[in-house]
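Okay, structure first, notes after.
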Amino acid sequence: MTGIHAALGAAEYGTSVSPETAFAIIDKFVSLGGRIIDTANNYAHWLPEGRGGESEKVIGDWLEQRRRSDVEIMTKVGSVPVNSEGEAVRYEGLAFDTVHCAAAESAARLKTDYVDILLAHHDHPATPLLETWTAFTELVAAGKVQKAGVSNYSSARLAELIGLIRQHALAPLSVVQVKYSVIDVVQPNEPEMYPPFDQETRETLRTLSPDTVIFAYSPLLGGRVFEKAPDGEWPAEYDSPANRRKVEAIQNEAAVLGVSPSALVLKQIADEGIIPVTGTSNPERFDGNLALLVDT
């Protein structure tokens, strides 16, 4: 076995997923050949029991008891809420000092001397891109971060960032993470926060930064679509006749192949040269969902 063409999503570790279950999931993932674990410094603040940092802490506890070299940790900074109760939502942002501080705090929770992949979690237009990427470049130069990247950036902002990297000889844009699945978004939800991974974005990366590795988060849409009956209730973000037909075709093909629809979706994304980020609350579910992604 040489690996899995997928990353493990760890968003709810330490909150809705207990540390014990999280350990079992990571162990299962690694036993199947998986290496990349995806987290963020704000996971999972949106849950009642979450404040942010819980996921990183659980992963750090796991790393302390396992071999650090077995995995690569991808985490993100910039989107920890800092507003008081009753205030409009504000985030920590991506100012120079904030990036350095957040990266150090993430490494401490992860109990590691370095982070394999550090991403800017969301675009923060109030901070100049050059300021943000200078901080990321310093972290890479110091060996505290191996690779730098961004998540949830529009095509225009990616092009601007790539131009600055070239102009100022900064750390390369090694990774981009996008919200993406095999069916189209028909009613975008917060497009400023979650820009679509559209053809323009693909072309921007293909032409300006062809070596950038693309990861797709939420590829299975939270289990709300691909394992449901074609005539069932769907989230409005994806509900269209064309998408329903496509999902029905995926379900039919999966039945012929003897795999789950989720497994086929992940395989289709991987076949595009994109690495899906997928999670579960059940370690045994990996055998099914990752069935078509394991190199043997």
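The values are calculated or read from the model by the stated rules, or taken from the named source; none is laboratory data. These figures come from a predicted structure and were not determined experimentally. Ideal geometry is used to build each Cβ from the backbone, glycine not excepted, and the neighbour counts take in all protein chains shown.
Yes/no matrix, rows are residues, columns are (1) over 16 Å from the mean Cα position of the chain (by Cα); (2) of a type in the set (A, V, I, L, M, F, W, C); (3) within 17 Å of Leu164 (Cβ to Cβ); (4) crowded, with 23+ Cβ neighbours inside 10 Å:
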{"residue": "Val77", "(1), (2), (3), (4)": "no, yes, no, yes"}
{"residue": "Val82", "(1), (2), (3), (4)": "yes, yes, no, no"}
{"residue": "Leu94", "(1), (2), (3), (4)": "yes, yes, yes, yes"}
{"residue": "His100", "(1), (2), (3), (4)": "yes, no, no, no"}
{"residue": "Arg109", "(1), (2), (3), (4)": "yes, no, no, no"}
{"residue": "Ala120", "(1), (2), (3), (4)": "no, yes, yes, yes"}
{"residue": "Ala126", "(1), (2), (3), (4)": "yes, yes, yes, no"}
{"residue": "Glu131", "(1), (2), (3), (4)": "yes, no, yes, no"}
{"residue": "Thr137", "(1), (2), (3), (4)": "yes, no, yes, no"}
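Restricting the search to segment 216-241, which residues are touching a Phe, Trp or Tyr at 6+ places or on another chain (Cβ under 8 Å) and farther than 16 Å from Glu190 by Cβ?
Ala216, Pro219, Leu220, Arg224, Val225, Lys228
Quickly run through segment 97-151 and pick out the residues that are part of a loop (DSSP other than H, G, I, E, B) and aliphatic (A, V, I, L, M).
Result: Ala126, Ala142.
Which one of these is in a helix (DSSP H, G or I), surrounded by 18 or more Cβ atoms within 10 Å (Cβ to Cβ), in contact (Cβ under 8 Å) with a residue 12 or more places away in the chain and touching a helix residue (DSSP H, G or I) at 6+ places or on another chain (Cβ under 9 Å): Ile37, Ile26?
Ile26
Looking only at helices (runs of 4 or more DSSP H) that fall completely inside segment 178-296, which ones have 2 or more residues that are farther than 18 Å from Gly9 by Cβ and among the hydroxyl-bearing types (Ser, Thr, Tyr)?
Where helices (runs of 4 or more DSSP H) fall fully within segment 178-296 and carry at least 2 residues being farther than 18 Å from Gly9 by Cβ and among the hydroxyl-bearing types (Ser, Thr, Tyr), they are 199-208.
From the residues in segment 273-296 that are touching a Phe, Trp or Tyr at 6+ places or on another chain (Cβ under 9 Å) and modelled with pLDDT of 95 or more, which one is nearest to Ser16 (Cα to Cα)?
Thr278
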